[in-house]
1. Read through the list (1) within 14 Å of the chain's Cα centre (by Cα); (2) of a type in the set (Val, Ile, Thr); (3) surrounded by fewer than 21 Cβ atoms within 10 Å (Cβ to Cβ), then give the number of the only condition that Val94 fails.
2. Is it the case, given these coordinates, that Leu56 is of a type in the set (A, V, I, L, M, F, W, C), more than 26 Å from Glu138 (Cβ to Cβ) and open to solvent by 70 Å² or more (accessible area, probe 1.4 Å)?
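The values are calculated or read from the model by the stated rules, or taken from the named source; none is laboratory data. None of the values given here were measured: they were computed from a predicted structure. Cβ sites come from the backbone with ideal geometry, for glycine too, and all protein chains shown count toward neighbours. Areas reflect the complete protein model, heavy atoms only, side chains present, ligands, DNA and RNA absent. Shrake-Rupley method; radii C 1.70, N 1.55, O 1.52, S 1.80 Å.
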Amino acid sequence: MKKLLISALTAVALISFGSVNAHECHNHENMGEMKKDEKSINLIVNVTHSESGKCLMAFNFAKVAKMRGHNVVVWLNSDAVKLADANGKNKEVVKKLIDEGIKVYVCPVCSKRFGVKKLVERAEFSNPDIIFGILTKEDTKVVSW
């Protein structure tokens with residue numbers, strides 16, 4: 001199931017972003033093994049829309065999961081990267097999520113496509129080692145909006 005999800009996400013990214021070279025968008029200095037806190041992640045809330053109703057549902061789900069003891073990461077990709085734009089109109093929503101102890105990762109390829117250059121404080125651009133490392137862990141679950 002995870003392999004199918006990873007294949008589907010990869011295919012969507014490749015189709016959606018055409019000739020964007022994903023390799024050039026990653027900071028290779030930070031690539032390598034997952035950090036200690038990333039190894040304990042067991043829930044990824046995958047958000048693909050910046051539409052307020054959908055992202056608020058996803059963020060509330062992440063908060064409830066965190067309150068119930070899950071180690072949660074929010075993965076913003078596609079249009080949702082706009083939510084983490086330091087100059088965006090919805091940045092406060094992401095800041096509140098981070099203030100509640102939820103890690104927010106942002107797709108660098110999607111960010112380039114949507115013109116997001118600077119992220120809100122404490123949100124981070126991800127890279128394949130980080131996101132695929134978390135996605136492929138045996139006990140990780142993914143919920144998507």
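1. Condition not satisfied by Val94: (3).
2. In short, yes.
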